[in-house]
Amino acid sequence: MDKKPALEITLVQEFVSKSHADLEAVQDLLAREPALINSSWDWGGGDWETGLGAAAHMGRRDIALYLLKNGARLDLFAAAMLGNLDVVRATVEAYPDAMDIPGPHGIPLIAHAQAGGNEAMQVYEYLKSLSSQKTEARTV
């Protein structure tokens, strides 16, 4: 298998940056370089982010769905923003600490669900109830 060269670092940064809010730019960049789909950018200090991660914390359902349609790897934070309760519930039940792992820029899972608006309300309510249960358990 031939190993391809690394992606140009400025192209990766542009792709992740545009994935926060600019669907047209994301489409153009992916048309030019399809390998960007799962690329990650380190904003510093290990704050890694993919295009899907950027779209997820910004509540950009349109960008997230486009990226998933084109081969992006679904992660827990995107699942929360998209309202995929089954995925979030299964993950949190299997790995309870996953609820407290920070996403890109340190943004918590519940904030991703909140960014998803009405489509993610069930996920938000589920995570909120788990958070309440943890708080109650600590005060008992």
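Structure summary
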| item | result |
| --- | --- |
| Scan of segment 82-108 for residues that are buried (at least 16 other Cβ atoms within 10 Å of the Cβ) and touching a residue at least 40 places away in the same chain (Cβ under 8 Å), ordered by number | Gly83, Leu85, Gly103, Pro104, Ile107 |
| Scope segment 22-43; condition hydrophobic (A, V, I, L, M, F, W, C) and either loosely packed, with under 15 Cβ neighbours inside 10 Å or touching a residue at least 24 places away in the same chain (Cβ under 8 Å) (or both); matching residues | Leu23, Val26, Leu30, Ala31, Ala35, Leu36, Ile37, Trp41, Trp43 |
| Output for segment 80-95, where each listed residue is more than 11 Å from Glu119 (Cα to Cα) and of a type outside the set (Val, Ile, Thr) | Asp86, Arg89, Ala90, Glu93, Ala94, Tyr95 |
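Quick grid of which residues meet (1) in contact with a Lys or Arg (Cβ under 9 Å, 6 or more places away or on another chain); (2) part of a loop (DSSP other than H, G, I, E, B); (3) closer than 20 Å to Gln114 by Cβ:
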| residue | (1), (2), (3) |
| --- | --- |
| Asp2 | no, yes, no |
| Glu14 | no, no, no |
| Trp41 | no, no, no |
| Gly45 | no, yes, no |
| Asp62 | no, no, yes |
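Throughout, read-outs are computed from the coordinates displayed, never taken from laboratory work. Since the model is a prediction, treat every value here as computed from it, not as a measurement. Glycine also receives a Cβ, built like all others from the backbone with ideal geometry; neighbour counts cover every protein chain displayed.
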